[in-house]
Amino acid sequence: MSGSDPVVGALRSGELAEAAGVNPQTLRYYERRGLLAEPQRSPGGHRLYPPDSLTLLRVIKTAQRLGFTLDEVADLVDLGRHRHGRREAGLQARAAAKLTEIESRIADLQVIATTLRSAIDAGCDDLTACATSSCCPLPFADLHRGDTP
């Protein structure tokens, strides 16, 4: 197949974007970032993406929902394209690292939730007044007392 032949089963930008649940501008952004290859063009100038582009977009969006940044997704996609038998940190290692990061964020959010529940139970209604109260459960109460010269 030559570079000018239309891709069998190709999708136009709008079709691909709709099928993947993204904005058509997202496709161009992903092309600029190197996540999607630049598509072929139809004789009329329409962008034609190969059918596997839909799978790739779904992989990208799923990885983002799992907490990977777009840079991390790009690294994973690139790693998958260029593995050729190498055993560098692939999905297993990166998923384990991401899980550790997510679990740490969950622990932080649990502390925040507990503190907010305490603030609600204590009847805190004014941040400034609460900050000067010794019974305020919010962390800034300790900071205020520590700022006194």
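The values are calculated or read from the model by the stated rules, or taken from the named source; none is laboratory data. The model shown is predicted, which means the values in this text are computed figures rather than measured ones. Please note: Cβ atoms are built from the backbone with ideal geometry, for glycine as well, and neighbour counts cover all protein chains shown.
At-a-glance table
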{"item": "Qualifying positions in region 41-56 - in a strand (DSSP E or B) and without any contact (Cβ under 8 Å) to a residue 40 or more places away in the chain", "result": "R41, R47"}
{"item": "Residue match in region 94-105 (condition: out of contact with any strand residue (DSSP E or B) (no Cβ under 6 Å at 6 or more places or on another chain), modelled with pLDDT under 85 and among the basic types (K, R))", "result": "no"}
{"item": "Test for A129: is it modelled with pLDDT under 90 and either in contact with a helix residue (DSSP H, G or I) (Cβ under 8 Å, 6 or more places away or on another chain) or not β-branched (V, I, T) (or both)", "result": "yes"}
